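Undergrad: Sharing a structure with you now.
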Amino acid sequence: MAERPTHQNQSEDSAETREDKRQKFQDLRKLLLAPEQKEIDALRDRLDNPVTRTEDLSAVVAESIELRRAHGGNAELNKALMPSVEEALRESVRKDPSVLAGALFPVMGPAIRKSIAESIRSMLESFNQTMEHSLSAQGIRWRLESIRTGRPFAEVVLLHSLVYRVEQVFLIHKATSLLLAHCVASHVSTKDPSLVSGMLSAIQSYARDSFKAPKEDTLESIQVGDLEVWVVSGPQALLAAVIRGHAPASYRATLEKTIEDIHRDFGRALEDFDGDSAPFAAAEPLLEHCLESHYEPKTSTKRKPYVAIAALAALAVAVTSLIMSVLNDRKWNHFMESLQSQHGILVTSSGKEHGQHLVRGLRDPLAADPSVLRDKEQIDPSSVKFQLEPYYSLDDEFIEKRAIEMLVPPHDVTCTVKDGVLSATGKAPSDWVRKLKDRGPLVPGVKKVDATQLVSTEASETEMLAAALKSTIFTFPIGVAEIEPEQEAKFESAAELINSLLGKVAPLSQPLMVEVIGHTDTSGTEGLNMSLSQQRAEYATRKLVEAGVARRNLVPRGVGTAEPVRNRDATGDDRLERSVTLRLVPAKSN
Amino acid sequence: MLQKKICMLGTTAVGKTSLVRRFVESIYSDDYHTTVGVKIDKKPVRVKDKDLDMVLWDIYGSDEFQSLRITYLNGMSGYLLVADGTRKSTINDALNIQESVAKDFAKVPFVFLLNKVDLKDEWEAGPDLEAQLAARGWTVMRSSAKTGEAVEAAFHTLGEKMLR
């Protein structure tokens, strides 16, 4: 029984003890685990507190996105982020468009500029080609074609200078024959591409059925006039390019690469295609890349100016040479006229030989020099050759020149030729006169020499001296045979005169001497007068010999009154009769 | 843009081409029928608030479906089966054609048109026929390319069936 209360007590005690124990346990736990507990509390706090959690996440968010991407979670990541990003962009634009515009500006600017530049370049190219072709005959033909077909002229020009141009590209869904995407070059008129696409497919089917070709085979090309349609086929879609002109074979590779790229990028869309072509709008840049064009190389058009310049240059050269030729001809004709008008030159023929003028004929050596005439006309010396043989002109002018050249007349002599007769006038030394008489007739062209008008220089001097001698007179007083002393000097000058005269005459063939003639007046007897006159003559002779005259050249002779001086002097002064006079006479031959 | 390929089926002279001509302005001449056996036209329509381009393949009708170019049907989303209501034989032909087509295109919706309803006096298709076909689940309409009766409606109905 004791046990019960005990048990009761025990249970009360144990209740206290449990409480106590728990407290103790708590204390113990605190003692043992306090540091860990603190850490747990701190961790809980970090997990529950959004502020700290955000801080923690911020440290790893970038790394975790990268990790996810690296593990191939691109699509999911994009899908998860896209709505937020789009919304954020929308919100940003709504709030302040300038922020996004500012961010995009460096991208948009160049893109827009490139697009505008491309448009302008294309326009200029078209304009240039139009200009180049506007004025030619071909240009006119093309303009007519433009009027006829209603196409703009620029387009007609482009079409004709085209090697090839891809005008349209169709992306066609094979299973439905529906058009997925289409692009067209500028200035190309098209029909509804979805119908063209359908017809292309129909034609494909038609060809395949008609020739029982396998289903996977496609018609690779269709040619209509200068248009070709090239078709390349992929598993789901085919690409058809409409080409004007002849594209190189390498272009097919471009198409094949494009259809491959389209299958790679749009594989799923192609499989799921149910008539909605919207997803394939993104394929249009790939198609546009196929819109190649190739025009005639510029060189062919640039060649034209060179041809024109060359033609102009050739024309200029031709015109210049024509003008030069005309001028040269005129110059030449003028030269020939003046050459032929020259005395002493006879042109027998003229012509051209090896590009050179050749003049043949005769020329008197005394005629004008043809090369002087040539230079006067400013004719290129190398363009002319003269073959002029020498000859003697019988023209009086040339005979005269020739005579003058050969005879060399003295200054006082003038030579003239008339009708072949050479006449000389003037004074000439006797030896030249002799030369004239001897050689004159030998001058070519001279028929006769006339020297009658020619005075010998020596003869005229002798005459003059003779005249002086004749007028010399020595007068004497009446009845005296000695001269008055004031007349002594007269003998000196008389002796000089005599010597000079005889010296001049000496070369002449006929020798001369001087008579010293004594005279008297008529008073007195004849005998006395004769003796006196003789004395006077001898006296004068003596005096002259004294003055230097050789005795042999003097002949004293008394004449009395026989040869009165009065006859010579009309003064009538008889004083002159009592005198001695001098006279030139031929020397007596021994 | 949503596009659907639609074929016009039916034997010669039941009025398929006239129906198409009534429905669209064509860019191709009818000569295409005799050259490649098909003429293609397009009609934009609005069905169930959606813009839809109907690309119509008007296939040259032949009396024997065997010679019809089955490849022309590939990818079609629907077809108009046309018979001449004034000629019973064409109705039978149409039924045969449908049977053949259904082998390959069982799920492709179609509308059966009894054409030339303007020629009431010569009408041979009895009301029983229409009831029978309706019982099969077919949509049967009476049309006239001449008056235009039910032409637009037929295409619209087909459009709605295709977009269901």
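Undergrad: Given (1) charged (D, E, K, R); (2) within 30 Å of A:Lys174 (Cβ to Cβ); (3) in a helix (DSSP H, G or I), where does A:Lys331 come up short, assuming only one miss?
TA: Here A:Lys331 meets the rest and fails (2).
Undergrad: I've got another one for you. For the range B:91-135, what are the residues that are among the polar types (S, T, N, Q) and over 13 Å from the mean Cα position of the chain (by Cα)?
TA: Those that are among the polar types (S, T, N, Q) and over 13 Å from the mean Cα position of the chain (by Cα): B:Asn92, B:Asn96, B:Ser100, B:Gln132.
Undergrad: Filter the range A:151-198 down to residues that are touching a residue at least 24 places away in the same chain (Cβ under 8 Å), among the polar types (S, T, N, Q), part of a loop (DSSP other than H, G, I, E, B) and more than 11 Å from chain B (Cβ to nearest Cβ), then give me how many there are.
TA: 2
Undergrad: Please name all residue pairs, on different chains or six or more residues apart, with Cβ atoms under 9 Å, provided the first residue is in the range A:257-283 and is over 19 Å from A:Ser197 (Cβ atoms) and the second residue is surrounded by fewer than 20 Cβ atoms within 10 Å (Cβ to Cβ) and among the hydrophobic types (A, V, I, L, M, F, W, C).
TA: The qualifying pairs are A:Asp265/A:Ala282.
Undergrad: Now a separate question. Within the range B:71-88, how many residues are surrounded by fewer than 24 Cβ atoms within 10 Å (Cβ to Cβ), within 14 Å of chain A (Cβ to nearest Cβ) and modelled with pLDDT under 90?
TA: Final tally of qualifying residues: 4.
Undergrad: Have a look at A:Arg148, A:Arg121, A:Arg113 and point out the one that is at pLDDT 80 or above, in a helix (DSSP H, G or I) and among the basic types (Lys, Arg).
TA: Details: A:Arg121 fails: at pLDDT 80 or above; A:Arg113 fails: at pLDDT 80 or above.
The match here is A:Arg148.
Undergrad: Tally time: how many residues in the range A:401-426 are of a type in the set (D, E, K, R) and within 13 Å of A:Asp450 (Cα to Cα)?
TA: Going through the range A:401-426, the residues of a type in the set (D, E, K, R) turn out to be A:401-402, A:405, A:412, A:418-419.
Right, trim to within 13 Å of A:Asp450 (Cα to Cα) and you get A:418-419.
So the count comes out to 2.
Undergrad: Still on this structure, I have one more. I'm told B:Tyr32 meets every condition in (1) touching a strand residue (DSSP E or B) at 6+ places or on another chain (Cβ under 8 Å); (2) surrounded by fewer than 23 Cβ atoms within 10 Å (Cβ to Cβ); (3) away from chain A (no Cβ under 11 Å); (4) at pLDDT below 85 except one. Can you identify the failing condition by its number?
TA: (3)
Undergrad: Filter the range A:210-252 down to residues that are among the charged types (D, E, K, R) and touching a helix residue (DSSP H, G or I) at 6+ places or on another chain (Cβ under 6 Å), then give me how many there are.
TA: Within the range A:210-252, the subset among the charged types (D, E, K, R) is A:212, A:215-217, A:220, A:226, A:228, A:244, A:252.
Going one step further and asking which of them are touching a helix residue (DSSP H, G or I) at 6+ places or on another chain (Cβ under 6 Å), we end up with none.
Residues meeting the conditions: 0.
Undergrad: Out of the residues in the range A:519-544 meeting the condition of being surrounded by fewer than 17 Cβ atoms within 10 Å (Cβ to Cβ) and not polar (S, T, N, Q), tell me which one is nearest to A:Thr475 (Cα to Cα).
TA: A:Arg542
Undergrad: So which of A:Asp217, A:Asp261 is among the acidic types (Asp, Glu), over 22 Å from A:Tyr295 (Cβ atoms) and modelled with pLDDT of 85 or more?
TA: Values: A:Asp217 fails: modelled with pLDDT of 85 or more.
None of the others qualify; the one that does is A:Asp261.
Undergrad: Can you tell which of A:Leu346, A:Leu362, A:Leu366, A:Leu358 is in a strand (DSSP E or B) and in contact with an Asp or Glu (Cβ under 8 Å, 6 or more places away or on another chain)?
TA: Working: A:Leu346 fails: in contact with an Asp or Glu (Cβ under 8 Å, 6 or more places away or on another chain); A:Leu366 fails: in a strand (DSSP E or B); A:Leu358 fails: in contact with an Asp or Glu (Cβ under 8 Å, 6 or more places away or on another chain).
Result of the check over A:Leu346, A:Leu362, A:Leu366, A:Leu358: A:Leu362.
Undergrad: Determine whether A:Ile222 is in contact with a strand residue (DSSP E or B) (Cβ under 8 Å, 6 or more places away or on another chain), at pLDDT 80 or above and either among the hydrophobic types (A, V, I, L, M, F, W, C) or farther than 22 Å from B:Lys42 by Cα (or both). Let's see the steps before the verdict.
TA: On the way: in contact with a strand residue (DSSP E or B) (Cβ under 8 Å, 6 or more places away or on another chain): yes; at pLDDT 80 or above: yes; either among the hydrophobic types (A, V, I, L, M, F, W, C) or farther than 22 Å from B:Lys42 by Cα (or both): yes.
Against the criterion (in contact with a strand residue (DSSP E or B) (Cβ under 8 Å, 6 or more places away or on another chain), at pLDDT 80 or above and either among the hydrophobic types (A, V, I, L, M, F, W, C) or farther than 22 Å from B:Lys42 by Cα (or both)), A:Ile222 qualifies.
Undergrad: Given the conditions (1) within 12 Å of chain B (Cβ to nearest Cβ); (2) without any contact (Cβ under 8 Å) to a residue 60 or more places away in the chain; (3) part of a loop (DSSP other than H, G, I, E, B); (4) out of contact with any strand residue (DSSP E or B) (no Cβ under 8 Å at 6 or more places or on another chain), and given that A:Pro214 satisfies all but one, which numbered condition is not satisfied?
TA: So the condition that A:Pro214 fails would be (1).
Undergrad: While we're on this one: Select from the range A:365-421 the residues that are β-branched (Val, Ile, Thr) and either farther than 19 Å from A:Glu337 by Cβ or crowded, with 16+ Cβ neighbours inside 10 Å (or both) and list them in ascending order. Break it down stepwise before answering.
TA: From the range A:365-421, those β-branched (Val, Ile, Thr) are A:372, A:379, A:384, A:399, A:404, A:408, A:413-414, A:416-417, A:421; that's our starting set.
Listed by number, the residues that qualify are A:Ile379, A:Val384, A:Ile399, A:Ile404, A:Val408, A:Val413, A:Thr414, A:Thr416, A:Val417, A:Val421.
Undergrad: Taking A:Ala269 as the residue in question, decide whether it is at pLDDT 85 or above and under 60 Å from the mean Cα position of the chain (by Cα). If you could, list the steps in order and put the result at the bottom.
TA: Numbers: at pLDDT 85 or above: yes; under 60 Å from the mean Cα position of the chain (by Cα): no.
Here the answer is no, as A:Ala269 does not meet what is asked.
Undergrad: Taking only pairs six or more apart or across chains, which ones have beta-carbon atoms under 6 Å, a first residue in the range A:365-376 that is closer than 12 Å to A:Lys401 by Cβ, and a second residue that is aromatic (Phe, Trp, Tyr) and not in a loop (DSSP other than H, G, I, E, B)?
TA: Listed pairs, sorted by first residue: A:Leu366/A:Phe398.
Undergrad: If you take the residues of the range A:199-209 that are surrounded by fewer than 19 Cβ atoms within 10 Å (Cβ to Cβ) and of a type outside the set (D, E, K, R), which of them is nearest to the other protein chains (Cβ to nearest Cβ)? So that I can check it myself, show each step before the final result.
TA: So in the range A:199-209, the residues surrounded by fewer than 19 Cβ atoms within 10 Å (Cβ to Cβ) come out as A:203, A:207-209.
With the extra rule that they be of a type outside the set (D, E, K, R), the set shrinks to A:203, A:207.
On the way: A:Ile203: 6, A:Ala207: 9 Å.
Here the residue is A:Ile203.
Matching residues to (1) assigned to a helix (DSSP H, G or I); (2) at pLDDT 85 or above; (3) in contact with a Leu (Cβ under 6 Å, 6 or more places away or on another chain); (4) among the basic types (Lys, Arg):
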site: A:Lys385; (1), (2), (3), (4): no, yes, yes, yes
site: A:Met406; (1), (2), (3), (4): yes, yes, no, no
site: A:Ser423; (1), (2), (3), (4): no, yes, no, no
site: A:Gly440; (1), (2), (3), (4): yes, yes, yes, no
site: A:Val449; (1), (2), (3), (4): no, yes, yes, no
site: A:Ala459; (1), (2), (3), (4): yes, no, no, no
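Undergrad: Go through (1) under 20 Å from B:Leu73 (Cβ atoms); (2) of a type in the set (Ser, Thr, Tyr); (3) at the interface with chain B (Cβ under 10 Å from one of its Cβ atoms) for A:Ser277 and report which single condition fails.
TA: Only one criterion in (1) under 20 Å from B:Leu73 (Cβ atoms); (2) of a type in the set (Ser, Thr, Tyr); (3) at the interface with chain B (Cβ under 10 Å from one of its Cβ atoms) is unmet by A:Ser277, namely (1).
The values are calculated or read from the model by the stated rules, or taken from the named source; none is laboratory data. If you're wondering where the values come from, they're calculated on a predicted model, not measured in any experiment. Please note: Cβ atoms are built from the backbone with ideal geometry, for glycine as well, and neighbour counts cover all protein chains shown.
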